[in-house]
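Everything below concerns the one structure shown next.
The values are calculated or read from the model by the stated rules, or taken from the named source; none is laboratory data. These numbers were taken from a predicted model, which means no experiment stands behind them. Note that we place each Cβ from the backbone using ideal geometry, even for glycine, and neighbour counts take in every protein chain shown. Heavy atoms of the whole protein, side chains included, go into the accessibility calculation; ligands, DNA and RNA do not. Shrake-Rupley method; radii C 1.70, N 1.55, O 1.52, S 1.80 Å.
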Amino acid sequence: MAAVEILRAWWRVRYPVYAVGILVGLVMMWLPVKTGNDNDAWEDRLRADGVPVQAVIDELIHKGRKSDTMHLRYEFGGAERRAEVGCWEVCLPAGTPVRIWVDPEDPGDFVTDFGTLSGHRGRVQGVIGAAGLILAGSMVLVGFTRLDRRRRDRRQRDRQRQQRDQRRQEIGPARVGTKRKPSRRRTTK
């Protein structure tokens, strides 16, 4: 009997685990949104406080499907610098001049005139968001499946109980002192 109680308690514990999984998945999905908002705020700050500089696209590298990178060359503080920018929305050919706003405290950090920040920002957060979507979706699916299974099991138990009661009514009450079912009694003539 103790094992049955332990299994029942374990069954009840799973539902809060599903809820925690859904919450963790939602937080993971929120991370790319927050990163995007932070990047937009950083872009606005660089446009307001950054130093405008003229850059030239040095080369355009095609890495594969939707994974192109532009390499920029610009001069800041008397030194020539190189940086890369991902081609998400705009991919310009080599030799194209581009206006950028450079952070005076970190010359490797800038924003382009078409709104792209330096480096590849947000890729990890995007993967984490996709994993959160999978986690939350699977927890919702498993939770509803478990609830549906409990409802089906309850219906099946009710159906079996009705069938058992119906058989008892058809057979009638067993006579006292007989160990066999009425259908298996020997008839003596």
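Looking at the stretch 93-115, which of its residues are of a type in the set (Ser, Thr, Tyr) and either in contact with a Phe, Trp or Tyr (Cβ under 6 Å, 6 or more places away or on another chain) or open to solvent by 20 Å² or more (accessible area, probe 1.4 Å) (or both)? Step through it out loud before you land on a result.
Here is the first cut: in the stretch 93-115, the ones of a type in the set (Ser, Thr, Tyr) are 96, 112.
Matches in the stretch 93-115: 96 only.
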### Query
Pairs under 8 Å by beta carbon, first residue farther than 30 Å from residue 146 by Cβ in the stretch 19-46, partner among the β-branched types (Val, Ile, Thr), six or more apart or different chains?
42/111; 43/111; 46/102; 46/111
### Query
List pairs: first in the stretch 50-64 and at positive phi, second open to solvent by 50 Å² or more (accessible area, probe 1.4 Å) and not basic (Lys, Arg), Cβ under 8 Å, 6+ apart or cross-chain?
none
### Message
Checking the structure you have, find out if any residue of the stretch 170-179 is modelled with pLDDT under 85, surrounded by 10 or more Cβ atoms within 10 Å (Cβ to Cβ) and part of a helix (DSSP H, G or I).
### Response
yes
### Task
Filter the stretch 128-169 down to the residues that are hydrophobic (A, V, I, L, M, F, W, C) and open to solvent by 100 Å² or more (accessible area, probe 1.4 Å), then identify the one that is farthest from residue 43 (Cα to Cα).
144
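Take residue 149 and tell me if it is assigned to a helix (DSSP H, G or I) and either of a type in the set (A, V, I, L, M, F, W, C) or modelled with pLDDT of 80 or more (or both). Steps first, please.
Numbers: assigned to a helix (DSSP H, G or I): yes; either of a type in the set (A, V, I, L, M, F, W, C) or modelled with pLDDT of 80 or more (or both): no.
No, not satisfied.
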### Message
For the stretch 34-50, check the following and say yes or no: at least one residue is over 23 Å from residue 105 (Cβ atoms) and either among the aliphatic types (A, V, I, L, M) or not in a helix (DSSP H, G or I) (or both).
### Response
no
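Considering each residue of the stretch 77-92, count those that are assigned to a strand (DSSP E or B), in contact with a Leu (Cβ under 8 Å, 6 or more places away or on another chain) and open to solvent by less than 80 Å² (accessible area, probe 1.4 Å), and give that number.
Selection size over the stretch 77-92: 3.
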